[in-house]
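Okay, so here's the structure we're looking at.
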Amino acid sequence: MAINKCYGGFSPSDALYGVLIGKGWEVTTYDDDYNLLNPNARIIDSCNIDPLVSRYSFVGDRDDIKLRTDPDLIEAIELLGDAANSIVAKLKVVEVPDGVEIEVQEYDGFEHIAEVHRIWQ
């Protein structure tokens, strides 16, 4: 599972997005009303907006377990090493045992994986 191990947040580099695009991940942009032109795409190209960190971003929740465990994403992080990181990220792949219900928890972007459990207040 992919997580971020520094303050900032889960923000891959343009190089990582390039690997995913090369693997066939669909890319979309926004129309003038900021609607996605291709609702089936997995990556947004913000070329018409001045990006803060990366030209690209993921469609949907970047904390989604399905995204964070995607084999293409894991392979891209391992392939690129430090080049997978944007200026505000340090991506790491963490092995999690099968059958464990997990969630990403973070403080100011510094993440860890936690087993889901019950809480009463």
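Given the structure, is Asp82 assigned to a helix (DSSP H, G or I) and either at pLDDT below 95 or acidic (Asp, Glu) (or both)?
yes
Do we have Lys92 as surrounded by 13 or more Cβ atoms within 10 Å (Cβ to Cβ) and either part of a helix (DSSP H, G or I) or modelled with pLDDT of 95 or more (or both) here?
yes
Quickly run through region 16-43 and pick out the residues that are of a type in the set (Ser, Thr, Tyr) and either in a strand (DSSP E or B) or exposed (fewer than 12 other Cβ atoms within 10 Å of the Cβ) (or both).
Passing the criteria: Thr28, Tyr30, Tyr34.
Restricting attention to region 1-58, and to residues there that are more than 12 Å from the chain's Cα centre (by Cα) and acidic (Asp, Glu), which single residue is nearest to Asp108 (Cα to Cα)?
So, considering only residues that are more than 12 Å from the chain's Cα centre (by Cα) and acidic (Asp, Glu), the one nearest to Asp108 (Cα to Cα) is Asp50.
Which of (1) touching a helix residue (DSSP H, G or I) at 6+ places or on another chain (Cβ under 6 Å); (2) modelled with pLDDT under 90 is the odd one out, the single condition Asp32 does not satisfy?
(1)
Considering each of Ser13, Ser46, Ser57, Ser86 in turn, give the residue that is in contact (Cβ under 8 Å) with a residue 40 or more places away in the chain, out of contact with any Gly (no Cβ under 9 Å at 6 or more places or on another chain) and either open to solvent by 60 Å² or more (accessible area, probe 1.4 Å) or among the small types (Gly, Ala, Ser) (or both).
The match here is Ser13.
What are the residues in region 60-71 that are of a type outside the set (S, T, N, Q) and surrounded by 14 or more Cβ atoms within 10 Å (Cβ to Cβ), if any?
Scanning region 60-71 gives Arg62, Asp63, Ile65, Leu67, Arg68, Asp70.
Among the residues in region 104-117, are any without any contact (Cβ under 8 Å) to a residue 60 or more places away in the chain, out of contact with any strand residue (DSSP E or B) (no Cβ under 8 Å at 6 or more places or on another chain) and of a type in the set (Val, Ile, Thr)?
no
The values are calculated or read from the model by the stated rules, or taken from the named source; none is laboratory data. Computed from a predicted structure; not experimentally measured. Cβ: placed from backbone, ideal geometry, glycine included. Neighbour counts: every protein chain shown. The area values use the complete protein model at the heavy-atom level, side chains included, leaving out ligands, DNA and RNA. Shrake-Rupley method; radii C 1.70, N 1.55, O 1.52, S 1.80 Å.
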